[in-house]
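Take a look at the structure below.
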Amino acid sequence: MRKSIFLLTLVLWVSSLAGCSLQWKTTNNKAKTSVSSTEGTSSTNTSNSNLNTTNITLYIDKNCEKAWIEQCNPKVWEQQFGKLLGSGNNLNVVYTNKNIATSLKKIVPTTPVLSIPKDKVSLFGQAAAQITAQWKLNNWVYYIPLYSWIAGEENLCNNGKDNNWNWLIGKQDPSCYEMTVLTSSKCHKQYCSNKVYKDMFMWYYVNILNYDTPKGKKLYKELLKKNGSQTLPTFLINKKHAYINQMKKLVKEVNLNWWKYQINIPQFKYNPAIEACSTNCNASPACKALAECDKTDKPKIDLFVMAHCPWWTQAEKWILPVVKLLKNKIDFSVKFVDYDMHGITSINEDTLQHCIQKEEPAKYVKYLSCFLKAWNTASCEVSAKLDMKKENTCIKATNKKYNIMKDFNDKASYVGWQFPKYEVNEKWNKKYWVQGSPTLVINWAVVNPSKRSPQAYLNLICKYFKNKPSECSTKLLNNSYVPMYWYKTSNWKTNYSWLCTWKK
């Protein structure tokens, strides 16, 4: 599993907004496609004479194309962008050499990369606003990573020795590319899909072992004994790969039967023991995190965000109507992810919102409602009638206490080599293993809503009341909102909980 399996290509929503739809066709079941899951960004003011800065250009690694990865097939992108760009604006395809790869790496860590000169962004129609808001200019060009290929990854196995390309990767070393996924057929969550596993781990022969079989139950008990607790799905491999050190938080050495290493992804939290929870909340520790077993008189709700994350603003527009409706019947707060992907403006906004909640909490919902309309901080400070003398004193003290500007200026400390730390709510990030924006926590457990709308959020939160208040019967908007700051509804049902994310 490569370091960046968690990335989600921006082009999915760019294409959907512009009237294009991506259609993948798997060409070989041994070389699988993967849709990654995070928002990316590029650095600014980097001079790279090896890059084309005048045309819309697609940079691709030849080895990635050889691996039959469709996101590295130029014909796929030419087809998708052809009608969008129109005549006279053809997509310029460039295979990266060492010089180009070195130049690109200073801006974005993975390929393929779509580069769009500023004067050609308007060709992307409705998506142009998102591109300019979400991606930073580098010498008047926007660089957008479309996939998670890292040059040299074809040599990861056997400490880089297994690099003889035979087109069928399994012929190199089958033991290097075999993986067992222990899961449960009773898990109907999105991440329990067999297709998800095979798409994520595209270099592997993925063997699926069901917990409901005798062999699966035996392995689960052995892992439970090794780990003290165990959720599914979990991924087991038998050989150390070069990326293991890059994933220290996710990897455990188990030395169990055929398997040497285990990968657990924090968000993948299905526990077979919860099947008994409906009749007995004490059936297992996992039961206590479920809504039906973890009810309180006043549910506690924390939403972890980055202030300029488009998908956070989307989640806020879902939850704010609920907060306004339930008022003091819930304990609601916004907390901040321990890094920020959106630059100093977003970091400053994080700190301001932290201070509003600390110094003038009664004004926070009014301020936030204003901020979500246009991200206009100055205007919303006035409309919410903030005491800016008090807020600025708090901001100054917070910057000093948490080394905010020091971390911003120390690029060697950046998360994923790209994003500055922001540790105002660090202890809560560690407690809940928060990985990105938005992350929703209800009654001290991370919750991943299956539906996305004010009505869905009201229904979800009301499950956590011991005695539901009358407000829980209120009918709210049942449509979603598009990302960014405007209040435009959408029928999108995509799970955006990982999108402003760089997995650490």
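The values are calculated or read from the model by the stated rules, or taken from the named source; none is laboratory data. Keep in mind that what you see is a predicted model, and the values were worked out from it rather than measured. Positions of Cβ are generated from backbone atoms using ideal geometry, with glycine treated the same way; all protein chains shown enter the neighbour counts.
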Of the residues in the stretch 357-399, those that are closer than 21 Å to Asn425 by Cα and among the small types (Gly, Ala, Ser) number 2
The stretch 311-400: helices (runs of 4 or more DSSP H) wholly inside it with 1 or more residues that are charged (D, E, K, R) and closer than 21 Å to Asn443 by Cα are 343-359
Those residues of the stretch 316-339 which are in contact with a helix residue (DSSP H, G or I) (Cβ under 6 Å, 6 or more places away or on another chain) and either within 14 Å of Asn399 (Cβ to Cβ) or of a type in the set (Phe, Trp, Tyr) (or both) amount to Trp318, Phe332, Phe336
The residue that is modelled with the lowest pLDDT, considering only those in the stretch 451-491 that are assigned to a loop (DSSP other than H, G, I, E, B) and among the hydrophobic types (A, V, I, L, M, F, W, C), is Trp486
Any chance Asn443 is modelled with pLDDT of 90 or more and either assigned by TED's automatic domain parsing to the domain that holds Asp331 or over 21 Å from the mean Cα position of the chain (by Cα) (or both): no
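Going by the conditions given, is Ile265 assigned to a loop (DSSP other than H, G, I, E, B), of a type in the set (A, V, I, L, M) and touching a helix residue (DSSP H, G or I) at 6+ places or on another chain (Cβ under 9 Å)? Can you show your working first?
On the way: assigned to a loop (DSSP other than H, G, I, E, B): yes; of a type in the set (A, V, I, L, M): yes; touching a helix residue (DSSP H, G or I) at 6+ places or on another chain (Cβ under 9 Å): yes.
It is true that Ile265 is assigned to a loop (DSSP other than H, G, I, E, B), of a type in the set (A, V, I, L, M) and touching a helix residue (DSSP H, G or I) at 6+ places or on another chain (Cβ under 9 Å).
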Condition set under 18 Å from Val305 (Cβ atoms) and not hydroxyl-bearing (Ser, Thr, Tyr), scope the stretch 446-459, selection farthest from the chain's Cα centre (by Cα): answer is Pro454
Across the stretch 324-347, the tally of residues that are over 30 Å from Ser470 (Cβ atoms) and surrounded by 17 or more Cβ atoms within 10 Å (Cβ to Cβ) stands at 9
Checking Thr102, Thr96, Thr111 in turn, the sole residue that is touching a Pro at 6+ places or on another chain (Cβ under 8 Å) and not basic (Lys, Arg) turns out to be Thr111
**Request:** Please tell me if Lys389 is within 30 Å of Glu471 (Cα to Cα), in the same structural domain as Lys466 (by TED's automatic domain parsing) and more than 21 Å from the chain's Cα centre (by Cα).
**Result:** no
